[in-house]
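The values are calculated or read from the model by the stated rules, or taken from the named source; none is laboratory data. The structure displayed is predicted, hence computed values, not measured ones. A quick note on method: Cβ atoms are made from the backbone with ideal geometry, for glycine too, and the neighbour counts reach across all protein chains shown. Ligands, DNA and RNA are stripped out before the accessible areas are found, and what is left, the full protein with its side chains, is counted by its heavy atoms. Shrake-Rupley method; radii C 1.70, N 1.55, O 1.52, S 1.80 Å.
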Amino acid sequence: MTPKQRATPTPPIDVPPYYWPHPAAKHPDTEEARLVANDFLDRHRLYADDSMRHKQLRTENGRFAGYAMPAAVKEAVFIYAKFTVWGFAYDDEVLDERPTGIDTTATAIDNLRIMRTAEITEYPPALTHKYGLALREIRMDIDSLYGPEAGQQFIDLMYTYTAMELNIMAMRQARHRPTIDEYLTCRMYQGGAHTYPSLAIILNGHGLRPEHIADRRVRALREIVALLGGWTNDIYAYSYERDNVPAWATAIDILRDTHGYTYPQGVRAAMDVHDRCILLFDRISDQLLDDDHDLYAPVVHTLRDFHGGHLAWVTDNTRYVNKQDLSDTYHFGGYGPTTRPADPAPLPYPYISWWWERNGTTTSG
């Protein structure tokens, strides 16, 4: 369905501020990151036509990188800007906007060629695949900056990213309406949601340390930030996603399905999920920092910077907004330190309620 074919107009609604008590910052080399991103986009032609190129420019990938990694060395921000271009372009050209529509077989073949091209740095086995060569460049940049272990951690993240996208595409092709738990899991990975914050940890020079991987509290933080990256996009982009992503649904749709909400109730329920998760994120973060500040501060601060940067970017960006919605659909309150009353109990969704176990909010089993 295109914007002109909308069956039901989205009623105007005032969206309250996202709860976020930490100020966002921006890297001083953000403008240079923008130039790096646009050069990478055009060198690899990560678009099918001029309209897709224009959409990528409107996405402001370099600005996203500057907000997401405000404290990193500038070379790392430039790598992140390239990956942001790659992720959004892959989402558009390979996944959502193929001329032939949703095609799991073609996407599976593309994913294999892309990943092996990026995996094998000795010689590229699929020289003609532009997304593979572009990803290979990013991987080699990471190798050069932080060593091959960091590059391999990135590639391992990408195998999960592309495999999960194929799972989601299969559900979309079958017109399967996901349950709330299925959707929550998909949203942690869809669009690279899990990869972006994890790559920020790598590119801030910390790597995915064994002590962090083994700590379920850190896993909870990473999953919270991964989920909320896509979840906040869903709220902000409700009209765009409904009209431009075929045979799928948004967080608001799934909450309405699950609980029988009206549209305004669904928006507010989605905001409540965000706010309750952020309250939990801060409680777990404080616990980790109290336990061992030196060990956990790098990952806590990186994830905190990432989510604040994402909010700063998405609430001031037109990638996800249909033109007719710029003024008449959503009146956004932005984000800030004031939260609506939030229930400290776990959200009633088994696939994520374990997060609260890591904070001692419930009795561990």
Checklist entry - With the dipole of the chain worked out from charges on the C-beta (+1 for Lys and Arg, -1 for Asp and Glu) around the Cα centre, which of 154, 59, 277 lies farthest toward the positive end? => result 59
Next on the checklist: Given contacts defined as C-alpha pairs under 8 Å and at least six residues apart, what's the relative contact order of the chain, whole-number percent?
Outcome noted: 26
Item to check | Under 5 Å, built H, 5+ apart or other chain: amide partners of residue 15 | outcome: 331, 332, 333
Next on the checklist: I want the local charge near residue 97. Using Cβ-Cβ distances under 12 Å, sum +1 for each Lys or Arg and -1 for each Asp or Glu among the other residues.
Outcome noted: -4
Checklist entry - Please state the Cα pair-distance histogram of the range 150-202 with 10 angstrom bins from zero: what percent is in each bin? => result 25, 48, 22, 6
Item to check | Long-range tail of P(r) for the range 57-171 (Cα pairs > 21 Å, %) | outcome: 39
Next on the checklist: Eigenvalues of the Cα gyration tensor times 5, then square-rooted: what semi-axes does that give for the range 122-231, in whole angstrom, largest first?
Outcome noted: 26, 21, 9
Checklist entry - What are the ³J(HN,Hα) values, in whole Hz, obtained from phi via the Karplus relation 6.51 cos²θ - 1.76 cosθ + 1.60 with θ = phi - 60°, for each residue of the range 211-227 in sequence order, with x given for Gly and Pro? => result 5, 6, 4, 6, 8, 5, 5, 5, 4, 4, 4, 5, 5, 4, 5, 4, 4
Item to check | Å² of accessible area per residue within the chain, as computed with a 1.4 Å probe and no ligands counted | outcome: 41
Next on the checklist: Give me, ordered by chain and number, the residues 5 or more places off residue 207 or on other chains with an amide H under 5 Å from its own placed amide H.
Outcome noted: 202
Item to check | For the range 19-91, the Rg and Dmax computed from alpha carbons only, in angstrom | outcome: 12.5, 41
Next on the checklist: Taking 8 Å as the Cα distance limit and 6 or more residues as the minimum spacing, I'd like the relative contact order of the range 22-64 as a percentage.
Outcome noted: 57
Checklist entry - What Rg and what Dmax come out for the chain when only alpha-carbon atoms are used, in angstroms? => result 19.6, 56
Next on the checklist: Rg and Dmax in Å for the range 59-103, alpha carbons only: what are they?
Outcome noted: 13.2, 42
Next on the checklist: Net charge within 11 Å of residue 357 by Cβ-Cβ distance, Lys/Arg positive one each and Asp/Glu negative one each, not counting residue 357 itself?
Outcome noted: +3
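What net charge do the residues around residue 203 carry, taking every other residue with its C-beta under 10 Å from that of residue 203, with Lys and Arg at +1 and Asp and Glu at -1?
Charge balance in the 10 Å sphere: -2.
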Item to check | Ranked packing of 293-301, 77-85, most packed first, by mean Cβ within 10 Å | outcome: 77-85, 293-301
Checklist entry - If packing is taken as the mean number of other Cβ atoms within 10 Å per residue, what is the order of 23-31, 128-136, highest first? => result 128-136, 23-31
Item to check | Coil-residue GluC sites (Glu not before Pro) of the range 129-182, DSSP, other Cβ within 10 Å capped at 10 | outcome: none
Next on the checklist: From the convex hull of the Cα coordinates of the range 186-235, what is the mean projected area in square nanometres?
Outcome noted: 3.4
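Could you state the per residue volume, in Å³, of the convex hull enclosing the Cα atoms of the range 94-143?
Convex hull of Cα atoms, per residue: 73 Å³.
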Checklist entry - Size of the dipole of the chain about the Cα centre, Lys and Arg at +1 and Asp and Glu at -1 on the beta carbon, nothing else charged, in debye to 20? => result 700
Next on the checklist: From Cα pairs below 8 angstrom and at least 6 apart in sequence, can you work out the relative contact order of the range 176-288, rounded to a whole percent?
Outcome noted: 28
Checklist outcome for this item: To the nearest 20 debye, the range 154-218 has a Cα-centred charge dipole, built from +1 on Lys and Arg Cβ and -1 on Asp and Glu Cβ, of 220
Next on the checklist: Out of the total accessible area of the chain (probe 1.4 Å, heavy atoms of protein only), what percent is carbon and sulfur?
Outcome noted: 53
